[in-house]
Every structure is written in C-alpha cells, then in structure tokens.
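A quick write-up on the structure given underneath.
The values are calculated or read from the model by the stated rules, or taken from the named source; none is laboratory data. As the structure is a prediction and not an experimental result, all values here were calculated from the model. No Cβ is skipped: glycine too gets one built from the backbone with ideal geometry, and neighbour counts run over all protein chains shown.
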Amino acid sequence: MSLSPSEIERYARHIVLREIGGPGQGAIKAAGVLVVGAGGLGSPLIQYLAAAGIGRIGIVDDDVVSLSNLQRQVLHGTPDIGEAKTASAAQAVARLNPHVLVEPLAERLTAANADAIVARYDVVADGSDNFETRYAVSDACFRKAKPLVSAALGIFDGTLTTIRAHERAPDGSWNPSYRCLFPTPPPPGSIPACAEAGVLGALAGVLGSLMAIEVIRQITGFGEGLVGRLLMVDARSMRFETLSYAWDDRNPLTGTAQAPSGSD
Amino acid sequence: MKLCYFAWVRERIGKTEEEVELPPGVTTIGDLVGWLKGRGEEYAHAFEHGEVVRAAIDRRHARPEAEIAGAREIAFFPPMTGG
C-alpha cells in the first residue's frame, strides 16, 4: 500500500529499518488488527499500533472508563470517566495518528460472535480480563486461521505468547494452541480478578508494549516470535523467563480426536 | 531438584524458588504436585485445582504424567486472566 510524503516522514524510523522498510510499512498500513479489551494491556498496545500506522484497528470492549482504571489504563484520561472505552480509545487514536481507522465494537466478545468479528481482521491481540473471552478468542482465531497475540496479567506477573495454531512448524508438526497450554478454563471464582486482587500499573505497560512488538512482527515478519513459547514476566523479582510448549494431541481444540483444519 | 513458582502459585506459596529432596515414589509431575500439597496449607492452596496449574521440566511444558527423573528444574505456572 503506497504512502504519502507525510506518512513517509512520520514512519521514517521504521522505514529505515531493513527488517521493515517501505514494503513493511505498507503492510502495516494495509493491516487490520483486532484488539480485545481497551484496558491495562490494550492501552499501550493501541497506542503503539496507532503510532506505527496500523491501517485499521478494531477495538472490542463493552466497559466504560472508571476512576480506578486510570492507574494503569493510560489510553484514557480523567475527562473520559463515564465514557465508553471504545469511544475514549477512538479519540486517543485520532489524536495520535489521523491515518488510522478505528472500528469501535462496544460489545462483549463471546463464543457466539467471536468467529464473525475475528474473521474481519488479519491479526488478533487479546488483552481481555476473563477466561470466557480468552477461550472464545483463541478458538475463533484457530477456526478463522488468524494469528493471535495473547497476554495476561496477575498482580506482579504477566504472560505473553503468540499462537498460530492453524499452521504447521517448519518440522511439519502443528503449532500449539492456547488449549495445548491451558486445556480448560479454571473453575469460576478460583482466580481473583484485577478488580479484587490489584495489579501493578506499569506492568500492564510492559506487557501491552510487548504485545505490540509481537503484532508488528506478525505483519512484517522480522526476527523470531513467541509461537510455541510463553514469556513469563515476574515484576516482584524482575525475572523474565521463557518456557517452550508444543502441540498436545489431547488438547480439546486441535487434538487428534479432532484433526486440525484451519478454515478460510 | 530446583522448583520455581510463578504468578499466583508463587504468591500463595510465598517463595520464588526452592531446592527439594524428593522422597522415593515421586516420579511424575502429578506425584510431585501430590507430595507438595502435603507440605502445608500454602501448597495445598496453590495446587487446590489440580491440573489448572501447569508444569515445565527444564523450561519445557510437560503433562502431569511426565517423568521427572533427571530434571534439573521444575517450574509451576498458572493461567492468568487480568487485562
């Protein structure tokens, strides 16, 4: 996709990179990215995706901005309290970069609507705050053959991985799915949510920014991403550890009981 | 053997890592979890929902029935959902 002179100047520090260049920046402009959740993770993620010039950003969130969000959800400000997060996010993006089209989806992503929403985008990034949505998003991304960047926060901890379960690894084996790592959701109420447990605000900034790197990587293809690897960030002791995980033939989504067959 | 705990497993146990001597008969991840649950309330709380907490042997994700003989390090990490 061609770039105007002002876009070439705006994205000069990306265009100068051999790994991105003019073609990579064109691919970024041509891309549609779905961001699930405009909260702690979604805030820096949306900011960096908008600044990078992603052509179209879909933002799914059914919540409104509240005062207790502002400790970490840096996309929103004090004047936005009470406003839909999607509307607040769209205004923030318009201020950052007028070349980005925001598609606000002020609804909850569920197993019922996930396939239809995910299908309209090239890459999906999940920064949602509940397991029901996480499983709905990851299952839909497999069925619709979309790369998924998935991050989650605990109190002092974060995790990040990239899932391309609809594709095979270079050795011919299937890439793992989210369900290869976490086969089924934990029992409801067994894990406290941020709302009750609290969360270190700047940690959301670290993980959300790392999500943006993985999203840009899925579009431009530089380096080596987190497919088959789970990054764990422990802000209590400043440990960054990476674990590898493989396709599990017993996983309930793509296991051999149901042969993998990404559609579209 | 070195055990490492992450996220709410670490918060519940109150330790980042520890060295343990395993008793005879503890040969799989599942055995290890069962043995840890008997070491105190904090461990029982951390592993109360069985296979929700995942394990990695020498930084590779492993199923509960995986053999742990020869492992240098076992890490336990749980699913998280905050966004």
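List of remarks:
- Scanning the stretch B:28-49 turns up at least one residue that is within 14 Å of chain A (Cβ to nearest Cβ), buried (at least 20 other Cβ atoms within 10 Å of the Cβ) and part of a loop (DSSP other than H, G, I, E, B).
- Answer residue from the stretch A:144-162, given it is in contact with an Asp or Glu (Cβ under 6 Å, 6 or more places away or on another chain) and among the charged types (D, E, K, R) and is farthest from the other protein chains (Cβ to nearest Cβ) among those: A:Lys144
- Note on the stretch B:1-17: residues that are more than 8 Å from chain A (Cβ to nearest Cβ), assigned to a loop (DSSP other than H, G, I, E, B) and touching a residue at least 60 places away in the same chain (Cβ under 8 Å) amount to 1.
- Just so you know, in the stretch A:192-239 the residues that are touching a residue at least 24 places away in the same chain (Cβ under 8 Å), part of a loop (DSSP other than H, G, I, E, B) and aliphatic (A, V, I, L, M) include one that is surrounded by the fewest Cβ atoms within 10 Å (Cβ to Cβ), and it is A:Ala193.
- Answer from A:Cys180, A:Cys141 - the residue that is closer than 21 Å to A:Asp248 by Cβ and either within 11 Å of another protein chain (Cβ to nearest Cβ) or among the aromatic types (Phe, Trp, Tyr) (or both): A:Cys180
- A single member of A:Ala38, A:Ala12, A:Ala30 is farther than 16 Å from A:Thr220 by Cα and either at pLDDT below 95 or among the aliphatic types (A, V, I, L, M) (or both), and it is A:Ala38.
- Some residue of the stretch B:65-72 being within 26 Å of A:Asp126 (Cβ to Cβ) and within 13 Å of chain A (Cβ to nearest Cβ): no
- Annotation for the stretch A:47-58: no member residue is closer than 29 Å to A:Gly201 by Cβ, buried (at least 22 other Cβ atoms within 10 Å of the Cβ), modelled with pLDDT of 95 or more and within 14 Å of chain B (Cβ to nearest Cβ).
- The residue that is surrounded by the fewest Cβ atoms within 10 Å (Cβ to Cβ), counting only those in the stretch B:66-77 that are modelled with pLDDT of 95 or more and in a loop (DSSP other than H, G, I, E, B), is B:Arg72.
- Total residues in the stretch A:117-133, condition surrounded by 20 or more Cβ atoms within 10 Å (Cβ to Cβ) and in contact with a Gly (Cβ under 6 Å, 6 or more places away or on another chain): 4
- Of all residues making up the stretch A:211-225, the number that are in contact with a Leu (Cβ under 6 Å, 6 or more places away or on another chain) and either within 14 Å of another protein chain (Cβ to nearest Cβ) or over 21 Å from A:Tyr178 (Cβ atoms) (or both): 1
- Single match in A:Pro252, A:Pro176, A:Pro188, A:Pro192 (criterion: modelled with pLDDT under 90 and either of a type in the set (Val, Ile, Thr) or under 16 Å from A:Ser138 (Cβ atoms) (or both)): A:Pro252
- Options A:Ala114, A:Ala165; residue that is crowded, with 23+ Cβ neighbours inside 10 Å, free of Cβ contacts under 8 Å to residues at least 40 places away in the same chain and over 14 Å from the mean Cα position of the chain (by Cα): A:Ala114
- Of A:Ser68, A:Ser4, all but one fail to be closer than 17 Å to A:Pro98 by Cβ and of a type in the set (S, T, N, Q); the exception is A:Ser4.
- Given (1) in a loop (DSSP other than H, G, I, E, B); (2) within 23 Å of A:Leu210 (Cβ to Cβ); (3) out of contact with any Lys or Arg (no Cβ under 7 Å at 6 or more places or on another chain), index of the condition A:Leu49 fails: (1)
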